[in-house]
Amino acid sequence: MIQFYNVTKLYPNGAKAINDLSLRIKQGDFAFLVGPSGAGKSTIAKLIFREEKPTAGQIFFNGRNALRFRGREVVAMRRKIGMVFQDFRLLSQKTAYENVAFALEVTGVSRWEVRKRVPEVLRQVGLEDKMDRFPAQLSGGEQQRVCVARAIVKNPVLILADEPTGNLDPETSRELMELFLEINQSGTTIVIATHAWDIVNELKKRVIALESGRIVRDEEQGSYGYGVS
Amino acid sequence: MGFLNSLRYCLRQTLLSIVRNFWLATASAAMITVSLLILGSFGLIALNAGQFLQQVESEIEINVFLQDVAPVNDLGREIRALTGVERVTYVSKEQALEEMRESLGERRDILTGLENDNPLPASYRVRTSNAEVVPAVARAIEKMHGVDKVRYGQGYVEKLILITRWVNVAALFAAGLLALAAIFLIMTTIRMSVMARRDEVEIMKYMGASNWFVRFPFLLEGMAVGYLGSKVAVLILGFGYYYLLLQVDQVSLFFVQLVTDQQTLGMLFGALFALGVLIGGLAGSISIRKFLRV
């Protein structure tokens, strides 16, 4: 579904975030991007979402060259990708329900559809009785669940999560991962950039290990494997 | 269907934004009002000056007095051939005397006996297509053979042309400056509302909102501010001018004839209105541009 061919990304300040990297993520994959800070995890996420364009190389999304996408196609592609952030990025003046609904309103979905769909996904993430709370009234884990609900409400083909457990305690993190696994069961591809080695080791999923912009290891059913344990 | 949903959302956002930044929006609208008031006033002045000038122009004629021995027909042909000349009428010595007699009215008797020894010269009366070419035409005629004197109100015409030109330039300049100021103020207004909704805008991009969807509410906000400002300006100008017309009518300044043509005035006010909305929209779209680079 996503292919990188010899992708290099240089930032204007001269830093080489990604160095001649090739990568293939298939439909239905559940992959972790691991590696030390600055290894290029976030840059890969940004390249997939086309927040950034590579300096060299090609990126394909669903068999089409994503670098050739024009405005409308970029938007169409982004609607197929659900984003989950470390800092949640929920709108503090909106309730959980409104935050999720926002993702649909923004893409011009009808009110009727919003009213039907939003409670569904909030139930799926286990927040059906906290729909009317504001982010400040929710725990970190619950906020991240709202964020996940917001990501899946538009039925994305891919979920990109950048350090989703960065601000969560281990127990909550584990619960969140179970949620991701559940979503993955229904066929949604999931890519998670993370530092959380314990979770990675536990789940035995595909692990793509990065170091200074290169893939140093790519294993199905892998582990974090950085001497930490 | 999706479009209507989006439109509803955008309209709601616009309204909310204006309500939230009420005072700044009001200040921006007021700024538009002031600049359009000044622009409009100058516009009205220019319109009236233009009409006045046209009136004067239509009355300006060049009097070409001929020597008694002049080759009348050749001269007439030569004058007609000049560029800018619209109409040439010949006034013979007899006609000149007749006209003078008429203008004297009851005292016409003093001219009796002059029929046989007419001291008045024959002349050509030359009308030009506009006042600006009068001096040049006059100079050209002066050089022709058989021409005695050329009269057209020298100095007066030149001054009039110069004044109208300056009024127009000054008006445009002042109005341009004010419009620029208005644009900056609206840009500040829009930027404030962009700032207030910065998180929202960023998240919207991540949710896959199209660019116009993000932009539209701000563009609309700018246009709404421009609309309000210009509406007030046009109302004030319209009533002010109407009041002025009534006053002038009473005082009856014989030489001033104000423009009352509905169509001309309507066009001026319409243009002002459109300009206000345009300025608002422009300011709106400028200030959101940099937030939307993705």
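Annotations
- Sparsely packed trypsin sites (Lys or Arg not before Pro) within the range B:92-198, loop by DSSP, other Cβ within 10 Å at most 10: B:143
- Taking the number of Cβ atoms within 10 Å of each Cβ as an exposure proxy, the fewest-first ranking of B:164, A:107 is B:164, A:107.
- Neighbours of residue A:171, meaning other residues whose beta-carbon lies under 12 angstrom from its beta-carbon, give a summed charge of -3 when Lys and Arg score +1 and Asp and Glu score -1.
- Cα long-axis angle, helix B:156-196 against chain B (0 to 90 degrees, to the nearest 10): 0 degrees
- When you restrict to C-alpha pairs under 8 Å that are six or more residues apart and normalise by the size of the range B:61-152, the relative contact order lands at 53 percent.
- Between the beta carbons of residue B:102 and residue B:151, assuming R0 = 25 Å, the FRET efficiency works out to 0.80 to the nearest 0.05.
- Expected 222 nm ellipticity per residue - DSSP helices of 4 or more, -39500 (n - 2.57), all of chain A, to 500: -10000 deg cm²/dmol
- Its relative contact order, with pairs defined as Cα atoms under 8 Å and 6+ residues apart, puts the range B:152-275 at 22 percent.
- Annotation: amide H-H contacts under 5 Å for residue A:211 (H modelled 1.01 Å from N, sequence separation of 5 or more, or interchain): A:216.
- Relative contact order for chain A: 28 percent, from Cα pairs under 8 Å spaced at least 6 residues apart, divided by residue count.
- This ranking places A:223, A:212, B:103 by how few other beta-carbon atoms lie within 10 Å of each, fewest first, which gives B:103, A:212, A:223.
- Taken residue by residue and averaged, Cβ atoms of other chains lying within 10 Å of the Cβ of A:106-115 number 5.
- Calculated from backbone phi, Karplus (6.51, -1.76, 1.60) coupling profile of the range B:101-113 in Hz, x at Gly/Pro: 4, 4, 5, 7, x, 5, 9, 4, 4, 4, 8, 4, x
- Measuring gaps between exposed loop sites in chain A (trypsin sites (Lys or Arg not before Pro); DSSP loop; at most 11 other Cβ atoms within 10 Å), the longest gap, sites not included, is A:71-229.
- Rounded to whole numbers, the Karplus 3J(HN,Hα) couplings from phi for the range A:67-84 are 6, 8, 4, 9, x, 5, 6, 4, 4, 4, 5, 5, 5, 8, 10, x, 9, 10 Hz, using 6.51 cos²θ - 1.76 cosθ + 1.60 with θ = phi - 60°, and x at Gly and Pro.
- Separation in nanometres of the label points that stand 7 Å from Cα toward Cβ, at residue B:202 and residue A:171: 3.1 nm
- Between B:226, B:84, B:50, the GNM of chain B built on Cα springs shorter than 10 angstrom shows B:84 fluctuating the most.
- For the peptide A:80-92, the mean number of other protein chain Cβ atoms found within 10 angstrom of a residue's Cβ is 2.
- Set A:41/A:205; B:93/B:143; A:46/A:94; A:130/A:204; A:16/A:46; A:53/A:205 screened for pairs whose C-alpha atoms are more than 24 Å apart: A:46/A:94; A:130/A:204; A:53/A:205
- Averaging the Cα positions of each part gives two centres, and for the range A:81-122 and the range B:187-212 these lie 17 Å apart.
- Put a dot 7 Å past the Cα of residue B:93, heading toward its Cβ, do the same for residue A:201, and the two dots end up 12.9 nm apart.
- Scaled to the globular estimate 2.2 N^0.38 Å, the Cα spread of the protein assembly as shown, given as radius of gyration, is 1.67.
- The range A:92-155 - Kirkwood radius from inverse mean 1/r over Cα pairs (Å): 11.3 Å
- Dimensionless Rg ratio for chain B, taking C-alpha atoms and the 2.2 N^0.38 Å reference: 1.61
- Centroid-to-centroid, using Cα positions, the range A:1-40 and the range A:150-215 are 16 Å apart.
- Per-residue ellipticity at 222 nm from helix content only, as computed over chain B with -39500 (n - 2.57) for each DSSP H run of at least four residues, stands at -24500 deg cm²/dmol.
- Cross-link partners of residue A:154 among lysines (Cα-Cα below 16 Å; sequence separation of 8 or more within a chain): A:80, A:116, B:205
Where a number appears in this text, it was derived from the coordinates with a stated rule and is not lab data. The structure displayed is predicted, hence computed values, not measured ones. All Cβ positions, glycine included, derive from the backbone under ideal geometry; neighbour counts span all protein chains shown.
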